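Trainee: What follows is a single structure, and I will ask about it in a moment.
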There are 4 protein chains.
Amino acid sequence: MNKLRWGLIGGGEGSQIGGIHRIAAGLDNAFTLVAGALDIDPARGRAYAVNLGVTPERAYGDWREMLAAERKRDDRLDLVTVATPNASHYEITKAFLTAGFNVLCEKPLTVAVEESEDLVRTARDCGGICAVNYGYSGSALVRQARAMVKRGDLGRIRVVVAEFAHGHHADAADADNPRVRWRYDPKLAGVSSVLGDAGIHALHMACFVTGQQVERVSADFASTVAGRELEDDALLAFRMSGGAVGRLWTSAVALGRMHGLTIQVFGETGALRWQQERPNQLLWTPLSGRVETIERGEARLLPEARRASRTTIGHSEGFLVAFGNIYADLAEVVRAANERRAPDPLALSYPTAEDGLRGVAGVWAAARSAREQGAWVDAVPALLRAT
Amino acid sequence: MNKLRWGLIGGGEGSQIGGIHRIAAGLDNAFTLVAGALDIDPARGRAYAVNLGVTPERAYGDWREMLAAERKRDDRLDLVTVATPNASHYEITKAFLTAGFNVLCEKPLTVAVEESEDLVRTARDCGGICAVNYGYSGSALVRQARAMVKRGDLGRIRVVVAEFAHGHHADAADADNPRVRWRYDPKLAGVSSVLGDAGIHALHMACFVTGQQVERVSADFASTVAGRELEDDALLAFRMSGGAVGRLWTSAVALGRMHGLTIQVFGETGALRWQQERPNQLLWTPLSGRVETIERGEARLLPEARRASRTTIGHSEGFLVAFGNIYADLAEVVRAANERRAPDPLALSYPTAEDGLRGVAGVWAAARSAREQGAWVDAVPALLRAT
Amino acid sequence: MNKLRWGLIGGGEGSQIGGIHRIAAGLDNAFTLVAGALDIDPARGRAYAVNLGVTPERAYGDWREMLAAERKRDDRLDLVTVATPNASHYEITKAFLTAGFNVLCEKPLTVAVEESEDLVRTARDCGGICAVNYGYSGSALVRQARAMVKRGDLGRIRVVVAEFAHGHHADAADADNPRVRWRYDPKLAGVSSVLGDAGIHALHMACFVTGQQVERVSADFASTVAGRELEDDALLAFRMSGGAVGRLWTSAVALGRMHGLTIQVFGETGALRWQQERPNQLLWTPLSGRVETIERGEARLLPEARRASRTTIGHSEGFLVAFGNIYADLAEVVRAANERRAPDPLALSYPTAEDGLRGVAGVWAAARSAREQGAWVDAVPALLRAT
Amino acid sequence: MNKLRWGLIGGGEGSQIGGIHRIAAGLDNAFTLVAGALDIDPARGRAYAVNLGVTPERAYGDWREMLAAERKRDDRLDLVTVATPNASHYEITKAFLTAGFNVLCEKPLTVAVEESEDLVRTARDCGGICAVNYGYSGSALVRQARAMVKRGDLGRIRVVVAEFAHGHHADAADADNPRVRWRYDPKLAGVSSVLGDAGIHALHMACFVTGQQVERVSADFASTVAGRELEDDALLAFRMSGGAVGRLWTSAVALGRMHGLTIQVFGETGALRWQQERPNQLLWTPLSGRVETIERGEARLLPEARRASRTTIGHSEGFLVAFGNIYADLAEVVRAANERRAPDPLALSYPTAEDGLRGVAGVWAAARSAREQGAWVDAVPALLRAT
């Protein structure tokens, strides 16, 4: 198996997300980093890329330089990852898609709904992959949950409850901490803070596991720390395309909670519960039965979960492996395209531009509902409604 | 210590709640059952009362007979517990209060807000105790939590999150089960099902622990099983008198959840988390600190919790002890009144008629909000607003 | 149902165990305290008994006075509980048994093996009940576990692992604390400290759940705090009468552990795990199946567990209820004898003098093995070997 | 940073351990696979190596061929991993060490104690690295625990309790399953089965965290499934070089346990508890304090743990990262040697040949003790005693 050629934009020295992407992309030896524009400081970015093994000619000072050079090469990049600040996702992703590259963009796909709609259209027109990195959805047991719902184990879904609550912005003394402050400034963060940053993962998870989409939402936003213009705690009620009732709580002031991404799905004939901090166990309760613990690695695991698992039962696999599974899916789809064959259908699990668009639309709808005192707001983006 | 004289209305043979009240009332040998009207069938009720050790002359056929006879006696009942179906709480409680008895009424205090208001007024006028049995609030560590909030350990409270989700009404085949059906019939259950029955405990817990009251509420009700007219799943956003932001989820279709009453309180300088199914542990996270486990029985326990605890650290104390603590509080207050002294101030922790009224008002406000598409509704009962 | 007449020896004011016995005996209204010799100080004991509602003539200064007076009465005590310091168990229990009373003795039954053998013989000769208070064995789900083993759900038992580890003697500064010091003084505590005090519960639990008896034991005792003559940490390997292999760890220096009584039973076709600190859940793993959580109160609970349960699923029941179940068993057996009928066979679950003897013999055998460098020692008491 | 050149012996197609080593070695981009003898079938091994990106000339048919060719190359391998069946570890590791290579050998280092002693001597003579892959010891919070003990947070260690119990050999029907059968055949597995395979990790963990070595051991081995000649359940009492008392239970018939590697360390002034299945949390109890949860990624983490961590708090990191940390240590030590500088002292955390020897010696001593009915047996290998 040839390694695929991978380019990275953003994720420079000292950034956490860059390191995670490099580990995840390389986890199965699928991708090798051959080009990058890693830093807002061109010299630093070039030096760091070289340090990571990129040849000097493909260590770029910025993404425009990278695009101009890479589009002309014969040894074309198989995938470009965009891990820059949110506000630049749209422009960069659009440019690379238009030039015919496959792109994996960090979440949120864009800041504004219209931008995401445009990316969906662009991806459709250009025929390339446009994926969005909701990394937790790569977890083996999240895929098990989704497959069980799809297979009908839970019957019709009645209620889905999602949470993503942490306490990392609970210290009021952080008011001037630049790593925190921008997140509550509408000029930099847009219409939402904690929902757009953390809760959006829970929102995607609710959709990913149920196979349904958010249609309407009623929300309450609260800013609980003095001086914050955007919400640091939010509650959403929603309704989904398949009739499921949704509940979502997200918070950045939930002291004592580390990440706390949790999903519970209650159906007519069974229920599932998964917590991101214990990713190797999935609780399953059949109607009239007991709570059972499904273990990652168990013999009965469904194929969707088995292929997302690398070690035997009892070992723990965490976030890096989940992330790596998104890359593994993309590798299969890229290889299949390169080889002009159909991809493994199970590889089509990665979140797409449509998923990215729906997430951004959901956040905007919630923000509007919160401004309108909890009024129910349509959350389906116009582009996808038309479809 | 003389045992106090106790009368019970409802809780006949085969009822679970009657057995629990008898255990709880007798836990510290405080109350002895001397009179009762235990069953809707007079003969059965009399026979069962005698079987429980009540003398035949005080084993009554119904509560009116009991009231008529007991009000004339010199060896007056120290406390009357009302454990009849919800719709009769108002009339019975009012009658006994008016006759000068102390009453502990099962929750919900009444079906309608105006009835609860009338009971609050009646209790004030008559000078007797009118308590409401939110039994979980008697748990030692719930009282520890309340005392820590009151002492200021958490600083200003930002967010409180309460849950009471179970799955015992998840089976659609129960449509004709008489133990389930009435709960979803507005004629029998009033404006709310799962919120009025289960969620009301979570609502009280949020108030009890924070020391704040619910002021406004926005709610979403859902009936997820065909044929149900009332909600079996509800989500509430609310605002409290001290500025806390509230979130509450309650469900009767949450398969895999047994009771799941949970409370999380997030303040400026610390946070607490308690689960009714693990009542002997309370999680405490100071700002910038780690999650610590407070154990019931530990040396540092506050007096409010210590007096609600009967065994040393490491033993488990459960629901019956929590319930017993409500009775223990009432015993102290009754004794103090009998002895014309001030009661132990810590005994004033039991839920009062005002708490009962607030719970009913909260449920009604939520039901109205749900009907009005999530509009924010005032939840403060008129009587207490006027105060 | 008439209440049974109950007498208590020991358990005076300020003692924890006395309060627990009073709550447990009264839990189902089965026993009423009518006589007592509660304190080593006769005047204090009499006063406290009267305070608890005992008539002055039956509030005794010591157990000899109580025995002399009570044996002559027509309204004979139905049960006498012995909750005095360990060294006096033998003499008091023997005297009351001999006089024809039923006795519930705190664990350990006696300090020496021969004394326990004598009590077994005495109980057989006199025909009265001699029960030993291994209180945890009254827990509903412990009885579920025992019933599942008995029914064959686990097949032949291969391994049983029991633990009782706490950290309450971990502070070396307690060397002069009189509540701790005597426990490590062979003159006062006998041949063993933590095994005889705490581990003996785990040893009984291993026998109770498997239905097997300890036959041989190899032990390691360690005194980890300077100045202690007896062990504060012990490890036992053992073999049981039905072929099960046993492992037991007990400690008093296990900081961070509160009680930690735990039992795991591994059979050919399934396994069980129960922790005293989460008594309302029992983990069950069928061969080739998943770990399932059996909840106290679930519909499928076996009759042995159902009758030991007082509230519905999702409520927590703790130590006091477990303890109360021992008293409930005794009440049924005493009533059946009074009424000259056979008792409910399920009531015969309470630990007997034989169980008390086996526990003491197990501790002595382990102590001998530890002195003999881990040599395997026969743990079956001579009296029961002969049988 | 240049990637280091890595060779792999064993770990061919279909082997789980090979895939894990490849992920772990590549996790930080430290090592690149340039040579391999991956399979007992030469053609399959060569083909698979080429498939993994090894050039054909370095894709060998067996380890002898590999050694002969690689020793002559200028672009020498920086590290060779030996992941072959246990019985061949000694010969291969010795050959590569002697030829001047650095070796990471899978556990157990060898089958016999004398072989391990010879490898220790060989490594000393040749000056290369000889590491042993106790992979769990690379977990960030295991290193935190070790560092806390070393810093004195726990004071003198009194007791260490280690477990590694799983149920994967509980099915008696597996008697003829070739993946299970050989493990209980002394001819293939040596003197021990579950202790040598699983328990040895717990034994190393006890040493690694306490910084002490096992000196004497008393053991009980049991074969609980008919037809097994070696133990499938073992209990060890031991004493350590710093005075700690040890307890270890290991089992292969513990149904319902997946891996269950657990370590508890109890000291004079504090205690720690870590479970491999929840690797991102470490429980810490200071004397007179509460149980606190140390989270991987928290601000106060010690440097030893921080460098073993790749993501922020709340993300889960699992087994592959732990494994990767062993490789990261080796990469630093190899680089330092290549660059003729002193390595980061924290990189010296990887398990060495001495640790491998001690593990094998511990297993042999336990096996002898079990044969001698629990007699205490010296567990210090002669070579290290002499030192």
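Trainee: Residues being surrounded by 24 or more Cβ atoms within 10 Å (Cβ to Cβ), of a type outside the set (Gly, Ala, Ser) and in a strand (DSSP E or B): count how many of those fall in region D:5-24.
Mentor: Adding up the residues that qualify gives 3.
Trainee: I'm trying to understand the selection: among the residues of region C:180-200, which are surrounded by fewer than 24 Cβ atoms within 10 Å (Cβ to Cβ) and not hydrophobic (A, V, I, L, M, F, W, C)?
Mentor: Within region C:180-200, C:ARG181, C:ARG183, C:TYR184, C:ASP185, C:PRO186, C:LYS187, C:GLY190, C:ASP197 qualify.
Trainee: Which pairs do you get when a residue that is facing chain D (nearest Cβ under 8 Å) and part of a strand (DSSP E or B), found in region B:288-301, comes within reach of a residue that is open to solvent by less than 30 Å² (accessible area, probe 1.4 Å) and among the aromatic types (Phe, Trp, Tyr), reach meaning Cβ atoms under 8 angstrom, with the pair 6+ apart or on two chains?
Mentor: B:VAL291/B:TRP284; B:GLU292/B:TRP284; B:THR293/B:TRP284; B:ILE294/B:TRP284
Trainee: Condition test on C:VAL159, is it in a strand (DSSP E or B) and of a type outside the set (Lys, Arg)?
Mentor: Yes: the conditions hold for C:VAL159.
Trainee: Follow-up. Look at D:GLY199 and say whether it is within 24 Å of C:LEU272 (Cβ to Cβ), of a type outside the set (A, V, I, L, M) and more than 12 Å from every other protein chain (Cβ to nearest Cβ).
Mentor: So D:GLY199 fits the description; yes.
Trainee: Just the residues that are more than 8 Å from chain D (Cβ to nearest Cβ) and out of contact with any strand residue (DSSP E or B) (no Cβ under 8 Å at 6 or more places or on another chain), please, taken from region A:18-38.
Mentor: A:ALA24
Trainee: Picking from A:ALA219, A:ALA226, which residue would you name as being facing chain B (nearest Cβ under 9 Å) and of a type in the set (A, V, I, L, M)?
Mentor: Every option except A:ALA219 fails the conditions.
Trainee: Determine whether region C:257-274 contains at least one residue that is assigned to a loop (DSSP other than H, G, I, E, B), β-branched (Val, Ile, Thr) and more than 12 Å from chain B (Cβ to nearest Cβ).
Mentor: Yes.
Trainee: In addition: Could you check B:TYR136 against (1) farther than 22 Å from C:THR311 by Cβ; (2) part of a helix (DSSP H, G or I); (3) in contact with a His (Cβ under 8 Å, 6 or more places away or on another chain) and say which number it fails?
Mentor: Evaluating B:TYR136 over (1) farther than 22 Å from C:THR311 by Cβ; (2) part of a helix (DSSP H, G or I); (3) in contact with a His (Cβ under 8 Å, 6 or more places away or on another chain) leaves (1) as the failure.
Trainee: Moving on to the next point. Out of all the residues in region B:321-328, is one or more touching a strand residue (DSSP E or B) at 6+ places or on another chain (Cβ under 9 Å), within 13 Å of chain C (Cβ to nearest Cβ) and aromatic (Phe, Trp, Tyr)?
Mentor: Yes, there is a match, as at least one residue in region B:321-328 is touching a strand residue (DSSP E or B) at 6+ places or on another chain (Cβ under 9 Å), within 13 Å of chain C (Cβ to nearest Cβ) and aromatic (Phe, Trp, Tyr).
Trainee: Would you mind telling me which numbered condition in (1) in contact with a Gly (Cβ under 7 Å, 6 or more places away or on another chain); (2) at pLDDT below 95 A:ALA87 fails?
Mentor: Against the list (1) in contact with a Gly (Cβ under 7 Å, 6 or more places away or on another chain); (2) at pLDDT below 95, A:ALA87 comes up short only on (1).
Trainee: Is it the case that C:GLU339 is surrounded by fewer than 24 Cβ atoms within 10 Å (Cβ to Cβ), free of Cβ contacts under 8 Å to residues at least 12 places away in the same chain and not aromatic (Phe, Trp, Tyr)?
Mentor: Here the answer is yes, as C:GLU339 does meet what is asked.
Trainee: Enumerate the pairs (first residue in region B:359-373 and modelled with pLDDT under 95; second residue anywhere and basic (Lys, Arg)) with beta-carbon separation below 8 Å, excluding pairs fewer than 6 apart on the same chain, so at least 6 apart or on different chains.
Mentor: none
Trainee: Name, by its number, the condition in (1) assigned to a loop (DSSP other than H, G, I, E, B); (2) within 21 Å of B:SER288 (Cα to Cα); (3) of a type outside the set (A, V, I, L, M) that does not hold for A:ARG278.
Mentor: Only one criterion is unmet by A:ARG278, namely (2).
Residue-by-condition table, conditions (1) at pLDDT 95 or above; (2) open to solvent by less than 30 Å² (accessible area, probe 1.4 Å):
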| site | (1), (2) |
| --- | --- |
| D:GLU115 | yes, no |
| D:ALA123 | yes, yes |
| D:ALA145 | yes, yes |
| D:PHE164 | yes, yes |
| D:GLY167 | yes, yes |
| D:ASP176 | no, no |
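Trainee: Going by the conditions given, is C:ILE313 within 14 Å of chain B (Cβ to nearest Cβ), touching a residue at least 40 places away in the same chain (Cβ under 8 Å) and touching a strand residue (DSSP E or B) at 6+ places or on another chain (Cβ under 6 Å)?
Mentor: For C:ILE313, the condition - within 14 Å of chain B (Cβ to nearest Cβ), touching a residue at least 40 places away in the same chain (Cβ under 8 Å) and touching a strand residue (DSSP E or B) at 6+ places or on another chain (Cβ under 6 Å) - is not met.
Trainee: Can you confirm whether region D:43-51 contains a residue that is touching an Asp or Glu at 6+ places or on another chain (Cβ under 9 Å), within 14 Å of chain A (Cβ to nearest Cβ) and not small (Gly, Ala, Ser)?
Mentor: Within region D:43-51, one or more residues are touching an Asp or Glu at 6+ places or on another chain (Cβ under 9 Å), within 14 Å of chain A (Cβ to nearest Cβ) and not small (Gly, Ala, Ser).
Trainee: May I ask you to say which residue of C:ARG296, C:ARG307, C:ARG278, C:ARG257 is within 27 Å of B:ILE20 (Cβ to Cβ), buried (at least 24 other Cβ atoms within 10 Å of the Cβ) and either more than 20 Å from the chain's Cα centre (by Cα) or of a type outside the set (Ser, Thr, Tyr) (or both)?
Mentor: Matching residue, one of C:ARG296, C:ARG307, C:ARG278, C:ARG257: C:ARG296.
Trainee: Looking at region A:219-254, which of the residues that are part of a strand (DSSP E or B) and of a type outside the set (A, V, I, L, M, F, W, C) is most open to solvent (accessible area, probe 1.4 Å)?
Mentor: A:ARG239
Trainee: Right, another one. Hey, which of the helices (runs of 4 or more DSSP H) in region A:28-112, taking only ones fully inside, have at least 2 residues that are among the polar types (S, T, N, Q) and within 17 Å of A:ALA353 (Cβ to Cβ)?
Mentor: A:89-98
Trainee: Continuing with this model, one more query. Give region C:120-133 a look and list any residue that's touching a strand residue (DSSP E or B) at 6+ places or on another chain (Cβ under 6 Å) and assigned to a helix (DSSP H, G or I), or say none.
Mentor: Scanning region C:120-133 gives a single hit, C:ALA123.
Trainee: Tally time: how many residues in region B:332-358 are more than 17 Å from the chain's Cα centre (by Cα), modelled with pLDDT of 95 or more and among the small types (Gly, Ala, Ser)?
Mentor: The total comes to 2.
Trainee: Checking A:THR93 against (1) under 20 Å from the mean Cα position of the chain (by Cα); (2) closer than 29 Å to D:LYS3 by Cβ; (3) among the hydroxyl-bearing types (Ser, Thr, Tyr), which single condition isn't satisfied?
Mentor: Single failed check for A:THR93: (2).
Trainee: Could you identify the single residue in B:VAL50, B:VAL54 that is of a type in the set (A, V, I, L, M, F, W, C) and open to solvent by 60 Å² or more (accessible area, probe 1.4 Å)?
Mentor: Result: B:VAL50 is the single residue among B:VAL50, B:VAL54 that is of a type in the set (A, V, I, L, M, F, W, C) and open to solvent by 60 Å² or more (accessible area, probe 1.4 Å).
The values are calculated or read from the model by the stated rules, or taken from the named source; none is laboratory data. Owing to the predicted nature of the structure, the values given are computational and were not obtained by experimental measurement. Glycine gets a Cβ as well: all are built from the backbone with ideal geometry, and neighbour counts include every protein chain shown. To get the accessible areas, we keep the full protein, side chains included, count just its heavy atoms, and leave off ligands, DNA and RNA. Shrake-Rupley method; radii C 1.70, N 1.55, O 1.52, S 1.80 Å.
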